[in-house]
Amino acid sequence: MLNLVRPAGSAVLILALGACSDAVTGPKNVQEARNLWQAQNISSYTYVGAVAAFAPAGPVSVEVTQGRVTRVTVIGTGAEISTDGWYTIDQLFDQILAATTPLTVTFDSIKGYPRTIERCCMADDSGSIYIASTLFPST
């Protein structure tokens with residue numbers, strides 16, 4: 001399993017992909033979504049990120065410049081925090097494709113990026129959701 005450490009040393013987000021094609025919205029599968037994302041040719045962008053888990057994080061503004069997370073800002077306070085535990089869209093795709101256990105993932109139907117990545121099981125507090133929304137290309 002691939003472990004993704006959340007900001008501020010919080011819980012671990014483990015992304016995994018299994019036979020979840022019925023849980024995927026937007027593009028029909030991960031590769032179709034990734035192809036749609038890559039066709040956008042966006043290497044610098046900002047998205048709203050959050051993690052829903054036992055110890056939630058966000059919402060934050062995640063800035064990506066030339067394919068690297070360069071700044072993470074807490075939306076409520078404007079405070080800049082560590083970039084650790086926040087990912088580029090390409091890193092999210094890599095982690096989804098490398099995962100070994102089931103998850104539910106939804107993709108943006110226009111740009112193809114993963115909007116939510118849910119690891120089982122939120123009902124008993126053993127799961128988590130990584131959320132990427134409101135993505136804007138940088139100008």
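Values quoted throughout were computed directly from the atomic coordinates according to the rules given, and no laboratory measurement underlies them. Being a predicted model, the structure only gives us computed values, none of them experimental. Every residue, glycine among them, receives a Cβ derived from its backbone with ideal geometry; neighbour counts consider all protein chains shown.
Brief remarks on what is shown
- Under-5 Å amide H pairs with TYR87, H placed in peptide plane, nonlocal only: none
- Here each label is just a point 7 Å from Cα along the line to Cβ, and for ILE110 and ASN41 those points are 1.9 nm apart.
- Under 5 Å, built H, 5+ apart or other chain: amide partners of ASP108: TYR113, ARG115
- Under 5 Å, built H, 5+ apart or other chain: amide partners of ALA99: LEU17
- Shown for GLU118, GLU32: other C-beta atoms within 10 Å of each C-beta, ranked fewest to most, produce the order GLU32, GLU118.
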